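Asker: Structure incoming, see below.
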Amino acid sequence: MGFLCLTPICEANERVNFNRDIRPLLSTHCFACHGPDASIRKAELRLDVRESALNKNAIVPGKPSASGIINRIEHSHPDKRMPPKPETPLTSGEKATLRSWVVEGAQYSTHWAWVLPRRAPAPPVKNSSWPINGIDYFILARLEREGLKPSSEANRRTLIRRLSFDLTGLPPTSKQVDKFIADLSNNAFDMLVDSLLASPHFGERMAQHWLDLARYADRYGYHDDTTRSMWPYRDYVIKSFNDNKPFDAFTREQIAGDQIRNGTLEQKVGSAFHRNGPTSSEGGANPEEYRVKYAADRVNTTATVWLGVTLQCAECHDHKFDPFTQREYYQFFAFFDQVPGNHLFRGLSAPPSIEVPSPEQTAELMKLDAEVVALEVQSKINTDEATQKQLTETKKRRDAYRGALPKLRIMQDTVKRTPTNILIRGDFSRLGDPVEPGIPVFLPPLPAAETPRLALAKWLVDPANPLPARVVVNRFWAMMFGTGIVKTAEDFGSQGEWPSHPKLLDWLAVEFVESGWDVKHLLKCIVSSAAYRQSSAVGESLRQHDPENRLLARGARFRFPAETVRDNALFVSGLLAKRLGGPSVKPYQPAGLWMEMSYGNSQGKSYKQDHGESLYRRGLYTVWKRSVLFPAFAAFDAPNREECTVRRPRTNTPLQAFVLLNDATFVESARVFAERVLREGGNNFESQIGFAMEIALARPPSSSERSVLQSLLTDMFMHYRRKPEEAQNIIATGEWPISKDLDPVTLAAWTSVAQAILNLDEMQTKE
């Protein structure tokens, strides 16, 4: 894989930039009354449209004293000053910026996100030895303008650990670490990246993020929150990323996989993306109301995932900040309101649905079908009672087997299109004008296609569409760096944040499209950059200058997602089951939790814990119940997935420490980790603690860590020797068999040491 070598060129001197400096001010302070929404517009004045602002003399280019907007924001009388009684008044600096803009001619420009991305040449840099690929020129040029220097490259132990977590969601093994450190060849880093991208765990790591976007859950949601069979869709996502399916194909399958001509089973499974949302079976609910809810959910999710816009704000009225009308919202709505069936369905899989057998199940079903056919032929020759009975029993066995196959909810349109109307104030019972499927007029037109939804699917990845490539690469960037180039990854509109590196964002978007929407290529490009390889160490000066690391003068450092926190503990202990795919599992959780926290029928309240391998599978496979989220995940900010989630919050609370110290999975992991240390770590504390730290953190312990952990081991050994019953209690946590040949007191003491290691901030953090 090659990367473009960009030749630096000079950049023009910057003036006040409308998109960067002015539009956010007007959007925050003015557009609510003087913006796109005609129903609440004051004084018939639009400040989002230059012609309107000029016609009303709100703005007189070059003449701030004659410009109404300047006079009103600077007015001395509070009753005449604009904006009126604001919660966040304009600062003196913001007023000065608006005045400077008017002085410079008050030039408007189309919102940056509505303009097709172009690959800009790389800017000039002073330190030409630092960049590795095109990404680095944009990063370094900004740093040099700010008077900053990039950090030194992280050490190799840190790099392999960072890469492994970023690309697989799991830590590296000791063998992988040793191999990478020993390999001094020029292509060692590239080979490591390629091996991680080829890992089957890559698809799991990527799916973990995508399922938040897809609002994936194993339960229906709402008050009953009963079981449904959606896991084949999750497995489809894993496989798609592992196969490096081009993202444009991935998109078309999820939006309209059911409508692709001669479509495969896999493509139809992809269309389950829009059957993931919560659905209700509540008695007394209005089916039409929920049909509208489901269609609106599809509209809002599609707009968020592929367009990065808050289209949902136009459901009841024209958008207050962006050029989306209510009519356009319902034109978009018309793509998604054609799904037939009972919209308050009670059952495992609401129609339309398909059988999704595994290869093994397909083989068994074919075998049973063959047996039935053979017996039918035989029954025509031999009409005796025994043959007929055997035929009947075989058919029953086949039908029972077929009935137990997983059934997946997919998209499917009605044979005859249901009329779509604007809903007045978003009320399903108040029909306005009829509309046909369509997209916002300021964006490129729909391409030709057999069906409206398939046309939409193609439009979402049309190279002429300015939004999707930017939106997608921004999310991938956020996965690697913790924050997107656009921080508000869910909102690229007027209320969103200006990109920290706009030309880099466009460079990446073009690179992505020109690569054939190649996800692995894009990720390799990102992680191969010098920017990615920097140390995450931060001094006080840099902390003060750039506390959120938006300028990227250092490597990213942030806490892992909830599932990764758990997976890491299981991996280090050796407990992690690495099998891919299959039905969701139910690991340990507090007894009676679903019963206490659930409503409705007994099925929604029943939690039957799994056993064996299922207890130790990756968090990705843990059953997702919206109304009662798996508690260890809830503590670490996982969303309930009632709606599309682009950015998870990252909090730091005492409850997280409580989970790490007391949750059965983490206690059991500590005990099994301790057993591993005692068996494989050597015969003395020095070698054992060195082994433990290498396994857990891919580095040796410091002298102070050795001292603290030695003291902890001594103290806990003495404690458990005095109280052997407590030793038995801690090592008895979980179902994994206890090693009978190890002294319980010694094992309990080392379990406490293992807990301390597993609870280190470094264990939960990407460095």
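Bear in mind these aren't lab numbers, they're just calculated from the coordinates by the rules spelled out. None of these values were measured; they are calculated from a predicted model. In this analysis, Cβ positions are derived from the backbone assuming ideal geometry, glycine residues included, and neighbour counts consider all displayed protein chains.
Asker: How far is the Cα center of the stretch 516-578 from the Cα center of the stretch 266-306, in Å?
Answerer: Taking the Cα centre of each part, the stretch 516-578 and the stretch 266-306 sit 33 Å apart.
Asker: Quick check: residue separation of ALA32 and GLU762 times 0.36 nm, minus the Cα distance between them. What number comes out in nm?
Answerer: Working: separation 730, 0.36 × 730 = 262.80 nm, distance 4.50 nm.
Length difference between fully extended and current span is 258.3 nm.
Asker: Give the residue list of trypsin sites (Lys or Arg not before Pro) in the stretch 222-282 that are DSSP loop and have at most 13 other beta-carbon atoms within 10 angstrom. Numbers along the way, then the final one.
Answerer: Working: sites: ARG228, ARG234, LYS239, ARG252, ARG261, LYS268, ARG275; in loops: ARG228, ARG261.
Here the sparse-neighbourhood loop sites are ARG261.
Asker: Can I ask one more? Pop the C-beta distance of ARG430 and GLU282 into the FRET formula with R0 = 30 Å and round what comes out to the nearest 0.05.
Answerer: Values: r = 22 Å, r/R0 = 0.75.
After rounding to 0.05, the efficiency reads 0.85.
Asker: Quote the FRET efficiency, to the nearest 0.05, computed for GLU153 versus ARG679 with a Förster distance R0 of 30 Å and r equal to the Cβ-Cβ distance.
Answerer: Working: r = 36 Å, r/R0 = 1.20.
Here the calculated transfer efficiency is 0.25.
Asker: Calculate how many DSSP beta bridges within the chain are antiparallel, expressed in % of all such bridges and rounded to the nearest 5. Before the final figure, lay out each step's value.
Answerer: On the way: 10 of 12 bridges.
That works out to approximately 85 percent antiparallel.
Asker: Separation between the LEU54 and GLN107 pseudo-spin-labels, each 7 Å from Cα along Cα→Cβ, expressed in nm?
Answerer: Reported label-point gap for LEU54 and GLN107 is 1.4 nm.
Asker: So what is the relative contact order of the stretch 229-307, in percent, for Cα pairs below 8 Å that sit 6 or more residues apart?
Answerer: For the stretch 229-307, the relative contact order is 25 percent.
Asker: Which whole-number percentage describes the relative contact order of the stretch 633-730, with Cα contacts under 8 Å and a sequence gap of 6 or more?
Answerer: Working: 47 pairs, mean separation 13.3, N = 98.
Computed value for the stretch 633-730: 14 percent relative contact order.
Asker: Here's another thing I want to ask about it. Over the chain, what lengths in whole Å, largest first, do the semi-axes of the equivalent ellipsoid take, defined as the square roots of 5 times the eigenvalues of the alpha-carbon gyration tensor? Don't skip to the end; give the middle numbers.
Answerer: Details: eigenvalues 432, 315, 127 Å².
With the √(5λ) rule applied to the chain, the semi-axes are 46, 40, 25 Å.
Asker: Given only helices, namely DSSP H runs of n ≥ 4 each adding -39500 (n - 2.57), what is the per-residue ellipticity at 222 nm of the chain, to the nearest 500 deg cm²/dmol?
Answerer: On the way: 32 runs with 346 residues, N = 767.
Rounded to the nearest 500, it is -13500 deg cm²/dmol.
Asker: For ARG706 and SER687, compute 0.36 nm times the residue count separating them, minus their Cα-Cα distance, and round to one decimal in nm.
Answerer: Working: separation 19, 0.36 × 19 = 6.84 nm, distance 1.06 nm.
Length gained, ARG706 through SER687: 5.8 nm.
Asker: Any idea how far apart GLU74 and ASP194 come out in nm if each label point goes 7 Å out from Cα toward Cβ?
Answerer: Label-label distance for GLU74 and ASP194, simple model: 6.3 nm.
Asker: While we're on this one: Need one word for the stretch 662-766: rounded, prolate or oblate. Basis is the Cα gyration tensor (sqrt eigenvalues a ≥ b ≥ c); a/c below 1.5 gives rounded, then a/b vs b/c decides. Present the calculation step by step, with values, prior to reporting the outcome.
Answerer: Values: a/c = 1.58, a/b = 1.32, b/c = 1.20.
Prolate, because a/c is 1.5 or more and a/b exceeds b/c.
Asker: Just list whichever of LYS149/LYS503; LYS578/LYS625; LYS407/LYS487; LYS80/LYS487 have alpha carbons separated by over 29 Å in the model shown. Could you put the intermediate results ahead of the total?
Answerer: Numbers: LYS149/LYS503 20 Å; LYS578/LYS625 23 Å; LYS407/LYS487 38 Å; LYS80/LYS487 35 Å.
The answer is LYS407/LYS487; LYS80/LYS487.
Asker: Related question: Sort out for me the Cα centre separation of the stretch 366-427 from the stretch 311-361, rounded to whole Å.
Answerer: Their Cα centres are 27 Å away from one another.
Asker: State whether the stretch 155-224 is rounded, prolate or oblate according to the following rule on the C-alpha gyration tensor (a ≥ b ≥ c being the square roots of its eigenvalues): a/c under 1.5 gives rounded; otherwise a/b larger than b/c gives prolate, and the remaining case gives oblate. Intermediate results must be reported in sequence, preceding the final value.
Answerer: Numbers: a/c = 3.99, a/b = 3.19, b/c = 1.25.
Prolate, because a/c is 1.5 or more and a/b exceeds b/c.
Asker: Right, something else. State whether the stretch 18-109 is rounded, prolate or oblate according to the following rule on the C-alpha gyration tensor (a ≥ b ≥ c being the square roots of its eigenvalues): a/c under 1.5 gives rounded; otherwise a/b larger than b/c gives prolate, and the remaining case gives oblate.
Answerer: The shape class here is rounded.
Asker: I've got another one for you. So if I take the centroid of the Cα atoms in the stretch 465-490 and the same for the stretch 683-757, what is the distance between those two points in Å?
Answerer: 43
Asker: Then there's this: Between LYS175 and GLU266, what is the FRET efficiency for a Förster distance of 25 Å, r being their Cβ-Cβ separation, to the nearest 0.05? Display every interim value, and only then the final one.
Answerer: Details: r = 35 Å, r/R0 = 1.38.
Result of the calculation: an efficiency of 0.15.
Asker: Turning to a different aspect of this structure: What is the distance, in nm, between label points placed 7 Å from the Cα along the Cα-to-Cβ direction at PHE442 and at GLU725?
Answerer: 7.2
Asker: Could you work out the relative contact order of the stretch 154-198, using alpha carbon pairs under 8 angstrom and six or more residues apart, expressed as a whole percent? Spell out each step's value before the answer.
Answerer: Values: 25 pairs, mean separation 18.8, N = 45.
The normalised contact order for the stretch 154-198 reaches 42 percent.
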